[in-house]
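S.K.: Right, I'll just put the structure down here and ask away after.
The values are calculated or read from the model by the stated rules, or taken from the named source; none is laboratory data. Since the model is a prediction, treat every value here as computed from it, not as a measurement. Backbone-built Cβ (ideal geometry, glycine too); neighbour counts: all protein chains shown. Protein only, heavy atoms only, side chains kept; ligands, DNA and RNA dropped before computing areas. Shrake-Rupley method; radii C 1.70, N 1.55, O 1.52, S 1.80 Å.
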Amino acid sequence: MEPSYKVVEEKTGRYLPVIYPEELPFWEGARKHEIILQRCNSCAKSWYPIGPACPHCFSMSFKWDRMSGRGTLHNYVVFHKPWTKWFESKVPYAVVQIQLEEGPRLTTNFLDCAVKDIKIGMPVEAVFEDITSDITLVQFRPGKK
Amino acid sequence: MTQVAQAMRDKTAVCGVGLTLGNFQDKSALALSVEAYDLALEDAGLERKDVDGLIQLSFGNDYDRFLEAVGTDVRYAYQGWSHGRFIAPMLQQAAMVVASGMAKAVAIVHGRRRRAFGQLADTEMWRQGLGPHGESPAYGAMGPVFGAAIAAQRYFHMYGGSGDDLAPIAMAFRKHAQLNPLACRTSPMTREDYLNSRWIVEPLRLFDCCQNNDGGACLIITSAERARDCKKPPVYISGMQGVHAGPQFHNLTLPGLGVAQQEVFNYRPQKEDLYAYQMAGVTQKDIDFLITYDAFSPLVLFGLERFGFCGPGEAKDFIKDGRIELGGELPINTSGGLLSEGHVVGWNLFIEAIRQLRHECGPRQVKDAEVCQYGSFLGETVIFRR
Ligand SMILES: [Zn+2]
């Protein structure tokens, strides 16, 4: 996989994530339908957003580690205003912040759930959305108790 | 506790202000900034040769183009990043530049066209590790409003209430705007109007969001001594404190709300978090009116709790029953604020503080106003007195 600086897919108008060089293991993991984040070799904690050092103990030594994909729904909002034409058929859609059981929180969408049924604290599990031939988004949906 | 330098108290002052707000399709950002500068010089009774420092934020034109346009060389110039959280630091920088003698008078100038070539607001969202308000466009998490909405949601989750509880903020500021001849949005707003305004990012509605407009703003800062020789009464800069930043201070939220990677706890400011009062020699009780950054209405709740005007979760009730309106316990954003007066990167908020403390606000004048605090949710503040 290569870094990607394209912000929009011309054909569909869908916004894409910019993939910075040091984030490649995360995006390669997502492609394989796994959540891969950094884990500190010194204090064993994980973190997000992806960065060059452990923000907990400032060690520069880390490995890329697979997260369980389980967590809780920590926060959410519902977008009603479509920012671009592409979003017109998507609204209303939820943007959620998921607390992974390993600690970090990810900002994603919430699939397979009506927006009115979203509740803070509900258990969630990861689901993967292949959006281009190279890029997969980590997403979440309701999980088992 | 950290000892703050009281040597800065009342050593510098705002001596001139200029502001235009509206829809100026035939003017460039440069023209709007030059016009605001001219208004501020006139207000202060100064000439351009009296100004030897310039600070600009980077929407619109650059600092050197401005100076070329007004035909002035200065010995102190700085250009910063245009976000509302950086206006207080820019004003503080101007005060420190004057106090240290690096310049005698610093003009802070800004001109803005809301839809103009070269604005950064959209591309910022693709920054590495989320945008400046937590945006993530691939997930449809768009615009600054996302940051305010997701913080408001956590606030209501922790303390009860819902978006409906924000109505008194939008309504109070609209009432204030109706007394302000410069205000952009002055049509009456009832509670029903507020509740019927469309969702943008739930729990926030259209009337919880400011709208950008065109405009120009300028403030001139000089020494207290020189300000006393200017045309208008000086408004002294008495105390200040900086933007608090880091993982616990995510933009558009309050510590403890658990936005992004923030911890979850009930935030109560400690003495350390309130050093501006020590610098100014005042307490919250001395503040005659509060000016706070209100690009989105929940930010007003966060500003009130950040400075201890209200305890954790109490601001949503404090704002009711006219307490934040003119004549209330603590009038807030007496010009109408960003929600109803308009938005020139927030500089118009400071200009209202100055005009109120000069007692030149006519029907919206805060009676006997002596002390004003500009204070916002990230902790940045400037305390002014007449
Ligand atoms: Zn560590």
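S.K.: Which whole number of Å³ per residue matches the convex hull of the alpha-carbon atoms in chain B?
M.R.: 131 Å³
S.K.: Also: For chain B, what is the relative contact order in percent, using Cα pairs closer than 8 Å and at least 6 residues apart in sequence?
M.R.: Relative CO of chain B lands at 24 percent.
S.K.: For a paramagnetic label modelled at 7 Å from the Cα of B:Gln178 toward its Cβ, which residues of the stretch B:309-342 fall within the zone defined by backbone nitrogen distances under 14 Å?
M.R.: Those under the cut-off are B:325-326, B:336.
S.K.: Express the C-alpha Rg of chain A as a ratio against the empirical globular expectation 2.2 N^0.38 Å, rounded to two decimals.
M.R.: Dividing the Cα radius of gyration by 2.2 N^0.38 Å gives 1.09.
S.K.: In the stretch B:199-223, which residues become less accessible by 30 Å² or more once every protein chain is in place, relative to the chain on its own, using a 1.4 Å probe?
M.R.: So the qualifying set is B:Trp199, B:Ile200, B:Val201, B:Glu202.
S.K.: Taking Cβ-Cβ under 4.7 Å as the only way to count a partner, pick out the unpartnered cysteines of chain A.
M.R.: A:Cys113 - these cysteines have no disulfide-compatible partner (Cβ-Cβ under 4.7 Å) in chain A.
S.K.: Right, next: Starting from the Kirkwood radius over alpha-carbon pairs of the stretch B:256-298, derive D by Stokes-Einstein at 20 °C in a medium of 1.002 mPa s and give it in µm² s⁻¹.
M.R.: Answer, rounded: 164 µm²/s.
S.K.: What total accessible area, in Å², is buried where chains A and B meet, using a 1.4 Å probe and rounding to the nearest 100?
M.R.: It comes to approximately 2900 Å² buried between A and B.
S.K.: With a 1.4 Å probe and all protein chains in place, put B:Val98, A:Val8 in order of accessible area, largest first.
M.R.: Largest accessible area first, the residues go A:Val8, B:Val98.
S.K.: Say we join alpha carbon atoms closer than 10 Å with springs in a Gaussian network model of chain B; which of B:Ala152, B:Ala69, B:Ala295 then has the biggest fluctuation?
M.R.: With Cα springs under 10 Å in chain B, the top fluctuation among B:Ala152, B:Ala69, B:Ala295 is at B:Ala69.
S.K.: Which residues' amide hydrogens lie under 5 Å from the amide hydrogen of B:Gln79, considering only partners 5 or more residues apart or on another chain, with H built in the peptide plane?
M.R.: Those lying under 5 Å, H to H, from B:Gln79 are B:Gln56.
S.K.: What percent does the relative contact order of the stretch B:4-69 come to when contacts are Cα pairs within less than 8 Å and at least six residues apart?
M.R.: 34 percent
S.K.: Using the alpha-carbon centroid of each, what span in Å lies between the stretch B:160-221 and the stretch B:227-268?
M.R.: Going from one Cα centre to the other spans 21 Å.
S.K.: Give me, ordered by chain and number, the residues 5 or more places off A:His74 or on other chains with an amide H under 5 Å from its own placed amide H.
M.R.: Residues meeting the amide H criterion: A:Gln97, A:Ile98, A:Gln99, A:Gly121.
S.K.: Also, I was wondering about something else. Considering only protein heavy atoms, with the full assembly of protein chains and a 1.4 angstrom probe, order A:Trp47, A:Trp83 by accessible area, largest first.
M.R.: A:Trp83, A:Trp47
S.K.: Further question: Whenever you get a sec, compute what percent of the accessible area on the stretch B:24-72 sits on carbon and sulfur atoms (1.4 Å probe).
M.R.: The nonpolar share, carbon plus sulfur, comes to 46 percent.
S.K.: With heavy atoms of protein chains only and a 1.4 Å probe, what residues of the stretch B:127-170 have at least 30 Å² less accessible area in the full set of chains than alone?
M.R.: B:Gln128, B:Gly129, B:Leu130, B:Ala138, B:Tyr139, B:Gly140, B:Met142, B:Phe146, B:Ile150, B:Gln153, B:Arg154, B:His157
S.K.: From largest accessible area down, sort B:Thr190, A:Thr84; use a 1.4 Å probe on the protein chains.
M.R.: B:Thr190, A:Thr84
S.K.: In addition: Once you measure Cβ to Cβ distances between cysteines in chain B, which Cys have no partner under 4.7 Å?
M.R.: B:Cys184, B:Cys209, B:Cys210, B:Cys218, B:Cys310, B:Cys361, B:Cys372
S.K.: On to the next question. Which of the lysines could a cross-linker span from A:Lys32 if the Cα-Cα distance has to be under 19 Å and same-chain partners fewer than 8 positions apart are dropped?
M.R.: Leaving aside lysines fewer than 8 places away in the same chain, those within reach of A:Lys32 are A:Lys63.
S.K.: Right, next: Roughly what percent of Cα-Cα pairs across the protein assembly as shown reach past 46 Å?
M.R.: Summing the P(r) of the protein assembly as shown above 46 Å gives 14 percent of all pairs.
S.K.: In sequence order, what are the phi-derived ³J(HN,Hα) couplings for the stretch B:246-263 according to the Karplus relation 6.51 cos²θ - 1.76 cosθ + 1.60 with θ = phi - 60°, rounded to whole Hz, with x for glycine and proline?
M.R.: x, x, 8, 10, 3, 5, 6, 9, 10, x, x, 7, x, 7, 6, 9, 4, 6
S.K.: In sequence order, what are the phi-derived ³J(HN,Hα) couplings for the stretch B:309-321 according to the Karplus relation 6.51 cos²θ - 1.76 cosθ + 1.60 with θ = phi - 60°, rounded to whole Hz, with x for glycine and proline?
M.R.: 5, 9, x, x, x, 8, 5, 5, 8, 4, 5, 7, 6
S.K.: Accessible area per residue, 1.4 Å probe, Å², for the stretch B:132-252: what's the number?
M.R.: It amounts to 34 Å² per residue over the stretch B:132-252.
S.K.: Right, another one. Express in Å², to the nearest 10, the accessible area of B:Val371 obtained by rolling a 1.4 Å probe over the protein heavy atoms while all chains stay in place.
M.R.: It works out to around 20 Å².
S.K.: Just read off the accessible area of B:Met8 with the full protein assembly in place, 1.4 Å probe, to the nearest 10 Å².
M.R.: 40 Å²
S.K.: State in Å² the accessible area per residue of the stretch A:17-142; use a 1.4 Å probe, count heavy atoms of protein chains only, and round to the nearest integer.
M.R.: 44 Å²
S.K.: Going by Cα centres, the stretch B:347-374 and the stretch A:69-145 are how many Å apart?
M.R.: Rounded to whole Å, the Cα centres lie 45 Å apart.
S.K.: Can you give me the % of accessible surface on the stretch A:17-142 that is carbon or sulfur? Probe 1.4 Å, all protein chains present, nothing else counted.
M.R.: 51 percent
S.K.: In whole Hz, what ³J(HN,Hα) sequence does the stretch B:74-87 give by Karplus (6.51, -1.76, 1.60; θ = phi - 60°), x for Gly and Pro?
M.R.: Karplus values, whole Hz, x for Gly and Pro: 10, 9, 8, 10, 8, 10, x, 8, 7, 9, x, 5, 9, 6.
S.K.: Tell me, how many Å apart are the Cα centres for the stretch A:30-55 and for the stretch B:53-94?
M.R.: Centre-to-centre distance over Cα atoms comes out at 40 Å.
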